[in-house]
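Visitor: Mind having a look at this structure? Questions to follow.
Bear in mind that the values in this text are calculations on the coordinates, not laboratory data. Keep in mind it's a predicted model, so treat the numbers as computed, not measured. Here the Cβ positions follow ideal geometry from the backbone for every residue, glycine too, while neighbour counts run over all protein chains shown.
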Amino acid sequence: MKLTMRKTTKIAAALGALIISGGVSTTAQAAPVQPAALSPTACNGQTAGHIVKWYAPHVPYALVPLRCGSSTWGFNHIHSKHWSAHVDEDIANTWTYFTSTVPQGGNSIAFILRDLAPCEGQFRVVVQFNSYGSTGIKGIITAYHENSITLHRGEVQPAC
């Protein structure tokens, strides 16, 4: 097949569209692609240090990992103790829009989102900033919904 200038231009334009859009033509996209939610089986066969997902930053904090962990921290702990169909969204929203922080000791900080429906509590994501081998910080060690009965360390639930 003989390549003409017109065919070469069309091929270059098509390749450019593929590269810019991450492999999908922009004309073929009907809606933005959302990241996949966490799967309950995300850590099957993985090591404790395996990173399941990176959560986007909230200034001044950097990307924070959710590792597989164990029965006491990370994804495996969250899955066995605090799992819900919306846990991924709750973690992302809390990390992005937290309303307060509480030091937890051991170089850990709880990020709290209190804008849940009135009198229904809050969502807490605890991040440990200790070094984890050569792969950065340990990351999210737990995440869960709290109601007014389970608030920790003397924190006061906003008045209803």
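Visitor: Note the full-extension length gain between Asn93 and Ser39 as 0.36 nm times their separation in residues minus their Cα-Cα distance, in nm to one decimal. Walk me through the numbers on the way to the answer.
Guide: Details: separation 54, 0.36 × 54 = 19.44 nm, distance 1.77 nm.
Value of the extension gain: 17.7 nm.
Visitor: I would also like to ask the following. If each of Trp54 and His86 carries a label point 7 Å out from its Cα toward its Cβ, how far apart are those two points in nm?
Guide: 2.8 nm
Visitor: Then there's this: Can you work out the FRET efficiency for the pair Thr47 and Ser100, with r the C-beta to C-beta distance and R0 = 35 Å, to the nearest 0.05? Numbers along the way, then the final one.
Guide: On the way: r = 33 Å, r/R0 = 0.95.
Result of the calculation: an efficiency of 0.55.
Visitor: How much net charge surrounds Trp54 when only the other residues with a Cβ under 15 Å from the Cβ of Trp54 are counted, with Lys and Arg +1 and Asp and Glu -1? Walk me through the intermediate numbers first.
Guide: On the way: positive: Lys53, Arg67, Lys138; negative: Asp88.
It works out to a net charge of +2.
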